[in-house]
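In what follows, a single structure is set out as structure tokens and then discussed.
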Amino acid sequence: LGQRVERRRLLELFLVTTACVVIILGVAFILYAVEKERRLSEQKSEFVANVSHELKTPLSLVRMFAELLLSGRVATEEKKREYLEIMMAESERLTALIENVLDFARVDRGRATFDLGPGDLSEIALRAVEIYRYRAEREGMEVEVLFPLDLPRATVDARAMELAVINLLDNALKYAKEGGRVIV
């Protein structure tokens, strides 16, 4: 009877200990999941804030130059053409930003797709550089292109590659020192 009581006591002690370990592991897992969800929520909020800020810049420039053109305060045809080119570049940048957000949403939902086809990488990179050239000049940055223009054609998603180069340029312009140089 004493041995049965002792075995029963040990079994109950083991079960209580196991239950405590399971509870502690469960609480740790829940805390980890909550923290991970909190970080994800912060990242999404930061992403939305950054996207909003990034969308305002080209939109403000397009509006400013449109107002200048509409007011008739532009003296020469050369300046009008320059302002129209800036508006075009900034609208392309705005389009790229919006497509970037849509691509992010597709990736987030697990539905990212690529439209692969033959493409000219140097042409894609040059198009991205041209979109950012005015912004770089406005911020006192120099953008230099140093790659062979006779790169072989490749199978790529041209829009995705252009967005990748635009994102790299955007980051380089954001974090480079004023008066610096960005080399593509």
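Odds and ends about this structure:
- The long axis of helix 121-138 is offset from the longest Cα principal axis of the chain by roughly 80 degrees.
- Per residue accessible area in Å² of the stretch 39-158, where ligands, DNA and RNA are left out and the probe is 1.4 Å: 67
- Rounded to the nearest 500, the 222 nm mean residue ellipticity of the chain from helices alone is -27500 deg cm²/dmol, with -39,500 (n - 2.57) taken per DSSP H run of at least 4 residues.
- Amide hydrogen neighbours beyond the local backbone of Val182, cut-off 5 Å, H modeled: Glu142, Val143, Glu144
- Within the chain: Cβ-based charge dipole about Cα centre, in debye rounded to nearest 20 (Lys, Arg +1; Asp, Glu -1): 1180
- Considering all different alpha carbon pairs of the stretch 1-102, the Kirkwood hydrodynamic radius works out to 19.5 Å.
- Alpha-carbon spread of the stretch 90-164, three principal axes, descending order, Å: 39, 30, 16
- Per the Kirkwood formula applied to alpha carbons, the chain shows a radius of gyration over Rh ratio, Rg over Rh, of 1.33.
- Per residue Cα convex hull volume in Å³ - calculated over the stretch 70-115: 78
The values are calculated or read from the model by the stated rules, or taken from the named source; none is laboratory data. Note that this is a predicted model, so its numbers are computed, not measured. Don't worry about glycine lacking a Cβ; one is built from the backbone with ideal geometry, like all the others, and counts go over all protein chains shown. Calculation scope for accessible area: heavy atoms of the full protein, side chains included, ligands and nucleic acids excluded. Shrake-Rupley method; radii C 1.70, N 1.55, O 1.52, S 1.80 Å.
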